[in-house]
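Structure first, then comments.
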Amino acid sequence: MKLPIVCPSCENTLQVSQMKCNDCQTEINGNYNLPLFFKLNREEQDFILDFFLSSGSIKEMAKQAGNSYPTMRNKMDDLIEKINQLKNV
């Protein structure tokens, strides 16, 4: 199941407010921001994971996806730009 990150009513970013241990039932309440990685959509998260699993080789990612290197490089640049924007929010 995908963790929801956007409010279905108003589309603002959701925050974590409670966590619970299933073993001992300890509950932690507060107002916590989601980690940056979880603010990315599933496709962007998969892209980062694929990059990691290809040992950081955009060339290898392009080969596996059947895309050109420039196409994958552009996707990487777009993702870098989005992450930089999210960091500054």
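No value in this document is a laboratory result; all are computed from the given coordinates. On a predicted model such as this, the values are computed, not experimentally measured, just so you know. Note that each Cβ is placed from the backbone with ideal geometry, even for glycine, and that neighbours are counted across all protein chains shown.
Placing +1 on each Lys and Arg Cβ and -1 on each Asp and Glu Cβ, with no other charges, gives the chain a dipole about its Cα centre of roughly 140 debye.
Note: relative contact order over the chain, using C-alpha pairs below 8 Å and six or more positions apart, is 16 percent.
Modelled label positions at F38 and S17, each set 7 Å beyond Cα in the direction of Cβ, lie 1.5 nm from each other. Taken over the chain, lysine pairs spaced eight or more positions apart, or on distinct chains, with alpha carbons under 25 Å apart number 14. The calculated P(r) of the chain, using every Cα pair and 5 Å bins from 0, goes 3, 11, 17, 18, 15, 13, 10, 7, 4, 1, 0 in percent.
Between T71, T13, T26, where does the largest GNM mean-square fluctuation fall for the chain, given springs only between Cα atoms within less than 10 Å? Of T71, T13, T26, the most mobile in the Gaussian network model is T26. Applying the Karplus relation 6.51 cos²θ - 1.76 cosθ + 1.60 with θ = phi - 60° to the stretch 57-67 yields 3J(HN,Hα) values of 9, 5, 4, 5, 4, 4, 4, 5, 8, x, 10 Hz, where x marks Gly and Pro.
Build a GNM of the chain with springs between Cα atoms under 10 Å apart, and of N41, N22, N12 the one that fluctuates most is N22.
Extending 7 Å from the Cα toward the beta-carbon at both Q25 and Q64 defines two label points whose distance is 4.4 nm. Provide, for q = 0.17, 0.28 Å⁻¹, the log10 of I(q)/I(0) from a solvent-free Debye sum over equal Cα point scatterers in the stretch 36-87. For the requested q values the scattering log ratios are -0.49, -1.14. Which residue, S55, Y32, L14, has the largest displacement toward the positive end of the dipole of the chain when charges sit on each Cβ (Lys, Arg +1; Asp, Glu -1)? Checking the options against the dipole of the chain, the answer is S55.
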